[in-house]
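So the structure is just underneath, and the comments pick up after that.
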Amino acid sequence: MQYRDFGGPPGAPVLLCLHGLGGSALNWAVLAPRLVATHRVLALDLLGHGGTGPGPGGGADRAVAAQLDVVGRFVDEVVRAPVTLVGHSIGAILAILHAGATPRQVDRLALLSPPVPRRTRWALDLRLASKLALLRAPGTAAGVRHLTARRAPTELVREQLTRATPHVQRIPAHAVDASVAEAVSRAARPDAGRAAATQWDQTLGVVSLLMHVGRWRATIATVPPRALWLHGTDDPLAGAAPARALAASRPDWDFVALPGVGHLPHLEEPGPVAVRMLAWLTTDCSSPADPRG
């Protein structure tokens, strides 16, 4: 597994950052410098992303489990101490799952724009169920891979950013350039096809989790650590209203809506995000949550 060490004081508490689908540890390069005065900041390349090879295969359920295995091994073998998991998008879903399955490794959670079901009070999100059926239909995966392979990495990265936020202009140019360069390198690797399959299976696995809304609420209810949940009001991929409703099921969690921010808060507004995170990280975990988020 590959990771980036952004530095931090010796012996400082560790923030372990998990990127979203199609991203990499590079996605934290804008936020991390604002956190390293008081914390050591590490960021993983998840399976099939960045410099880490593809997963073992075996379908959607195995893809999610394999990512969690990587996180667990990294904490045990590299960090060797409990961490605050900082997850963006699907990385936030993995952070929640890992904290629930392996609470000894996780002190706190900082969640940035996790995907959420649209109908948070239903047992089943029919929109996500329909989406999953389409994604699993014969030929869909092969068709998507074929179309993706015909497009330049530069075009794919910029399209991904445009889908994620209406405020692409706020993302520093050097961050976009770094993502493009990494995408070019990733596409040239001999395991690029298997890496794409890993990302596809991970997507199916997460959609399947969120589709069963009642089960997902129950999962969130059993996660031991306190959490900070930051969510942009302009997020086109995960609505702020259902996010707030789902977060309300955990009154000990702090939900903060970020006005005028899309799905990439750590890239769009790294300064305010860092201020929120650092203020929260210095609060006492045993104190009641602030209900004003």
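The values are calculated or read from the model by the stated rules, or taken from the named source; none is laboratory data. Keep in mind it's a predicted model, so treat the numbers as computed, not measured. Note: ideal-geometry Cβ built from the backbone for every residue, glycine included; neighbour counts use all protein chains shown.
Of all residues in segment 49-67, count the ones that are of a type in the set (G, A, S) and in a loop (DSSP other than H, G, I, E, B).
First, pick out the residues of segment 49-67 that are of a type in the set (G, A, S): 50-51, 53, 55, 57-60, 63, 65-66.
Still in the list and also in a loop (DSSP other than H, G, I, E, B): 50-51, 53, 55, 57-59.
The qualifying residues number 7.
Can you tell me which of R118, R127 is charged (D, E, K, R) and surrounded by 13 or more Cβ atoms within 10 Å (Cβ to Cβ)?
Details: R127 fails: surrounded by 13 or more Cβ atoms within 10 Å (Cβ to Cβ).
None of the other options fit; the residue is R118.
In the list R217, R226, R170, which residue meets the criterion of being touching a Cys at 6+ places or on another chain (Cβ under 9 Å), in contact (Cβ under 8 Å) with a residue 40 or more places away in the chain and farther than 25 Å from M1 by Cβ?
Details: R217 fails: touching a Cys at 6+ places or on another chain (Cβ under 9 Å); R170 fails: touching a Cys at 6+ places or on another chain (Cβ under 9 Å).
Answer to the selection: R226.
Among what's in segment 241-280 and is in contact with a Ser or Thr (Cβ under 6 Å, 6 or more places away or on another chain) and small (G, A, S), pick the residue that is farthest from T219 (Cα to Cα).
That would be G262.
Show the residue pairs that are 6+ apart or on different chains and have beta-carbon atoms under 6 Å apart, the first residue being within segment 254-280 and within 14 Å of H167 (Cβ to Cβ) and charged (D, E, K, R), the second being modelled with pLDDT of 95 or more and in a helix (DSSP H, G or I).
E268/R170
Any residue at all in segment 49-69 that's touching a strand residue (DSSP E or B) at 6+ places or on another chain (Cβ under 7 Å) and under 26 Å from S185 (Cβ atoms)? Don't jump to the end; show me each part of the working.
Kept after step one, since they are touching a strand residue (DSSP E or B) at 6+ places or on another chain (Cβ under 7 Å), are these residues of segment 49-69: none.
Checking segment 49-69: not a single residue is touching a strand residue (DSSP E or B) at 6+ places or on another chain (Cβ under 7 Å) and under 26 Å from S185 (Cβ atoms).
Taking G8 as the residue in question, decide whether it is at positive phi, out of contact with any Leu (no Cβ under 6 Å at 6 or more places or on another chain) and without any contact (Cβ under 8 Å) to a residue 40 or more places away in the chain.
Numbers: at positive phi: yes; out of contact with any Leu (no Cβ under 6 Å at 6 or more places or on another chain): yes; without any contact (Cβ under 8 Å) to a residue 40 or more places away in the chain: yes.
Yes; evaluated as a whole, the condition is true for this residue.
Each row is one residue, and each column tells you yes or no for (1) crowded, with 16+ Cβ neighbours inside 10 Å; (2) closer than 23 Å to L132 by Cα; (3) at pLDDT 95 or above; (4) over 15 Å from the mean Cα position of the chain (by Cα).
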{"site": "R4", "(1), (2), (3), (4)": "yes, no, yes, yes"}
{"site": "P9", "(1), (2), (3), (4)": "no, no, yes, yes"}
{"site": "V14", "(1), (2), (3), (4)": "yes, no, yes, yes"}
{"site": "L18", "(1), (2), (3), (4)": "yes, no, yes, no"}
{"site": "D45", "(1), (2), (3), (4)": "yes, no, yes, no"}
{"site": "G50", "(1), (2), (3), (4)": "yes, no, no, no"}
{"site": "G58", "(1), (2), (3), (4)": "no, yes, no, yes"}
{"site": "I96", "(1), (2), (3), (4)": "yes, yes, yes, no"}
{"site": "V106", "(1), (2), (3), (4)": "yes, no, yes, yes"}
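Filter segment 7-48 for residues that are of a type outside the set (G, A, S), assigned to a helix (DSSP H, G or I) and out of contact with any helix residue (DSSP H, G or I) (no Cβ under 8 Å at 6 or more places or on another chain) and give the result. So that I can check it myself, show each step before the final result.
First pass over segment 7-48, keeping only residues of a type outside the set (G, A, S): 9-10, 13-19, 21, 26-28, 30-31, 33-36, 38-42, 44-47.
Going one step further and asking which of them are assigned to a helix (DSSP H, G or I), we end up with 26-28, 33-34.
Selection gives P33 alone.
Go through (1) part of a loop (DSSP other than H, G, I, E, B); (2) of a type in the set (A, V, I, L, M, F, W, C); (3) farther than 18 Å from L281 by Cα one by one and return the number of the condition V70 breaks.
Here V70 clears every test but (1).
For segment 175-194, give me the residue count where each residue is in contact (Cβ under 8 Å) with a residue 24 or more places away in the chain and of a type in the set (V, I, T). Before the answer, list the steps.
Just the residues of segment 175-194 that are in contact (Cβ under 8 Å) with a residue 24 or more places away in the chain, to begin with: 175, 178-180, 182-184, 186-187, 191, 193-194.
With the extra rule that they be of a type in the set (V, I, T), the set shrinks to 180, 184.
Here the count works out to 2.
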